[in-house]
Amino acid sequence: MRYLFEDFALDTDRRELRRGTVLVPIGPKVFDLLAYLIGNRDRVVTKDDLRAAIWSGRTVSPSVLTTCINAARSAIGDSGKSQRLIHTHWRKGLRFVGEIHQKSAGPTLLQLGTNVIASQSAEIAQAEVRLEPSALTHALPDRPSIAVLPFMNMSGDRELDYFADGIVEDIIIMLSHLRWLFVISRSSSFTYKGRTVDPKQLGSERGVRYVLEGSVRKSGQQVRITCQLIDATTDKHIWAERYDRELVDIFVLQDEITRSVAAAIEPRMLAAEGIRTLSRSTNDLDAWELVARALEHFWRVTRQDFQAATAMLTRAVDAHPTCASAQSLLGFSLVFAVHMGWIDPDQGLTSGRKHAVRAVGLDDGDPWAHIALGYLALIERHTAESIGAFQRAVSINPSSAAAHSHLSRALAFAGRDREALQHGEEAIQLNPLDPEMALFLGAIATAHYLGGRFAQAVQFTTKALNLRPGFQSAQRLLCASLAQSGRIDEARKLLEKVRLQQPQLSIDWVKRTVPYQTPELMEHFLDGMRRAGMAE
């Protein structure tokens, strides 16, 4: 539903508030509160009503509620004094009193500056007017955009139609969890059902940068699902996969395919976005493009690439302080650099905390904001807080391989090695070719080390370092793992090389910086490092 008032438009499907063509930054709870007031504008809404609707009946302090109300007023240019839109009824509650024009958020044709969503309008559909493709040509949105086309049923089995449509619907829902990605609505995408579509033409018509298309076919109880991700601006294939499964439980299979596809798409689009910016000067990049370019460096896990990524993210937050993705990734990068030994802990944690907290304040639904907070709590040895933040990231986006991997790391450093392995293996299963795979393997190696499985720890740290030779925490763990496995000479030779890159490495530095969560776990790691030849 779209609610129009004054020069504002509040879209409940896309969870956006715009003033004219400008997107107004607004937190999730503030958006919910504003939408609830508008949706119930025919009556006075009590504070108990708001607690029940916005916070699911949980206890919320009066100050939190007042802050949320004030933020809603501020977002729409209202104030406690003027009350031209939100009126306070003394001792009773609030009522939205602005004049509302209500429209369905279903099939409409919207042009919102550079961020354009196109679909057939209800008025056009009712009048049975046919628009030529040239009439639907739009500019690309200012962030990555994707249309998930209906999957083609290649077998003619009616039951397979429902299965294919269910997969597409679930993929759209999963991708909608990615806050940096603009996802074309189901109603718009499904206008192409049963039609052959040229992705490049679709990109120009619908203002879409990426298109996901696929097919399903069945033979007996076997089903094959194929998917391909295409850059609609160049017609280039970015990713393709084929899934062969037995059709036993249709809903279990649908969930499995949906999660696998959504998990594979995210890092590949991020990588494509980073590559897309390489031909341009950083002076010409907007906030999102700076984030995408920064990720190109961050994934390489070296000190030099960290410096490049941090510089770009710092530029992004300075120029666009309300960009939640830039704030969260900068916060995470700074805390991660402390763990690696690349920057001073006091400097990194102070700055990292500022940006992580700011990111959550801007968008509580951004999983990377909670990942940044979780890593901060991990380094500071606030175990329960760390695990809780990573669990929150997983709950926001269950198909995020990165979220599962970081939860795996927190559980491993807390000594919960079996649970850590479960989430680490889940991350790899979700996306076997993720650019962060070295971090996935490093978390699994930590779990094996603390579980006393030193040969497996050597195996996984070696794999991680083959992918990212500059991954310094994996270097340290390999030293300890080799020593605990009885391979003392190898451990000592490796430690000599590690010290050249990290001269500050010592027992004292490890105690202050490496996030083993209990003294017993820390001593277990230090025992390996002492055997490898590290002095106090």
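The values are calculated or read from the model by the stated rules, or taken from the named source; none is laboratory data. Remember, it's a predicted structure, so these values are computed and weren't measured experimentally. Note that each Cβ is placed from the backbone with ideal geometry, even for glycine, and that neighbours are counted across all protein chains shown.
Quick check on segment 12-64: of everything there that is outside any helix (DSSP H, G or I) and hydroxyl-bearing (Ser, Thr, Tyr), which residue is farthest from Asp363 (Cα to Cα)?
By that ranking, first place goes to Thr46.
Which residues, counting only those in segment 481-492, are assigned to a helix (DSSP H, G or I), surrounded by 15 or more Cβ atoms within 10 Å (Cβ to Cβ) and not aliphatic (A, V, I, L, M)?
Ser481, Gln484, Glu490, Arg492
Return the residues of segment 322-367 that are touching a residue at least 60 places away in the same chain (Cβ under 8 Å) and assigned to a helix (DSSP H, G or I); say none if nothing qualifies.
Hits for segment 322-367 are Ala324, Ser325, Val338, His339, Met340, Pro345, Gly361, Leu362, Pro367.
So if I check each of Ser260, Ser333, Ser328, which one is under 26 Å from Ile171 (Cα atoms), surrounded by 22 or more Cβ atoms within 10 Å (Cβ to Cβ) and among the hydroxyl-bearing types (Ser, Thr, Tyr)?
Only one candidate passes the filter, namely Ser328.
Name the single residue, out of those in segment 375-393 being within 20 Å of Pro519 (Cα to Cα) and surrounded by 24 or more Cβ atoms within 10 Å (Cβ to Cβ), that is farthest from the chain's Cα centre (by Cα).
Checked segment 375-393; the qualifying residue farthest from the chain's Cα centre (by Cα) is Leu378.
Considering only residues that are in contact with a helix residue (DSSP H, G or I) (Cβ under 8 Å, 6 or more places away or on another chain) and under 17 Å from Gly27 (Cβ atoms), look in segment 39-65 and name the one that is modelled with the lowest pLDDT.
In this case the residue turns out to be Val60.
Answer with yes or no whether Arg217 is in the same structural domain as Arg158 (by TED's automatic domain parsing), closer than 28 Å to Gly274 by Cα, at pLDDT 60 or above and not aliphatic (A, V, I, L, M).
For Arg217, the condition - in the same structural domain as Arg158 (by TED's automatic domain parsing), closer than 28 Å to Gly274 by Cα, at pLDDT 60 or above and not aliphatic (A, V, I, L, M) - is not met.
List the number of the failed condition for Arg293; all other conditions in (1) of a type outside the set (Phe, Trp, Tyr); (2) modelled with pLDDT of 85 or more; (3) touching a helix residue (DSSP H, G or I) at 6+ places or on another chain (Cβ under 9 Å); (4) surrounded by fewer than 17 Cβ atoms within 10 Å (Cβ to Cβ) hold.
Exception for Arg293: condition (4).
Out of all the residues in segment 406-434, which are crowded, with 21+ Cβ neighbours inside 10 Å and under 20 Å from the mean Cα position of the chain (by Cα)?
Listed by number, the residues that qualify are His406, Leu407, Ser408, Arg409, Ala410, His423, Gly424, Ala427, Leu430, Asn431, Asp434.
Search segment 376-399 for residues that are touching a residue at least 24 places away in the same chain (Cβ under 8 Å) and under 17 Å from Phe336 (Cβ atoms) and pair each with any residue that is crowded, with 17+ Cβ neighbours inside 10 Å and polar (S, T, N, Q) when their beta-carbon atoms are under 7 Å apart and the residues are at least 6 apart or on different chains.
Qualifying pairs under 7 Å: Leu378/Ser386; Arg381/Gln517; Ala393/Ser400.
Based on what the data block shows, is Ser395 in contact with a helix residue (DSSP H, G or I) (Cβ under 8 Å, 6 or more places away or on another chain), in the same structural domain as Thr513 (by TED's automatic domain parsing) and among the small types (Gly, Ala, Ser)?
Spelling it out, it is not the case that Ser395 is in contact with a helix residue (DSSP H, G or I) (Cβ under 8 Å, 6 or more places away or on another chain), in the same structural domain as Thr513 (by TED's automatic domain parsing) and among the small types (Gly, Ala, Ser).
Taking the criterion of being of a type in the set (Val, Ile, Thr) and either in contact with a Lys or Arg (Cβ under 7 Å, 6 or more places away or on another chain) or at pLDDT 95 or above (or both), would at least one residue in segment 426-442 satisfy it?
No: zero hits.
Tyr516 is checked against (1) crowded, with 18+ Cβ neighbours inside 10 Å; (2) under 22 Å from Val338 (Cβ atoms); (3) free of Cβ contacts under 8 Å to residues at least 60 places away in the same chain; (4) under 35 Å from the mean Cα position of the chain (by Cα) and fails just one. What number does that condition carry?
The failed condition is (3).
Take segment 177-214 and flag every residue that is of a type in the set (Gly, Ala, Ser), touching a Lys or Arg at 6+ places or on another chain (Cβ under 9 Å) and at pLDDT 60 or above.
Hit for segment 177-214 is Ser185, nothing else.
Find the residue count for segment 291-312, including only residues that are of a type in the set (A, V, I, L, M), over 16 Å from Leu467 (Cα atoms) and over 16 Å from the mean Cα position of the chain (by Cα).
Matching residues across segment 291-312 total 4.
State all residues of segment 233-246 that are out of contact with any Asp or Glu (no Cβ under 7 Å at 6 or more places or on another chain) and without any contact (Cβ under 8 Å) to a residue 60 or more places away in the chain; if no residue qualifies, say none.
Within segment 233-246, Thr234, Asp235, Lys236, His237, Trp239, Ala240, Glu241, Arg242, Tyr243, Asp244, Arg245, Glu246 meet the criteria.
Tell me, which residue of segment 435-462 that is among the small types (Gly, Ala, Ser), within 15 Å of Phe413 (Cβ to Cβ) and surrounded by 18 or more Cβ atoms within 10 Å (Cβ to Cβ) is farthest from the chain's Cα centre (by Cα)?
Among them, the one singled out is Ala457.
Can you tell me how many residues within segment 160-186 are in contact (Cβ under 8 Å) with a residue 60 or more places away in the chain and more than 18 Å from the chain's Cα centre (by Cα)?
Qualifying residue count, segment 160-186: 5.
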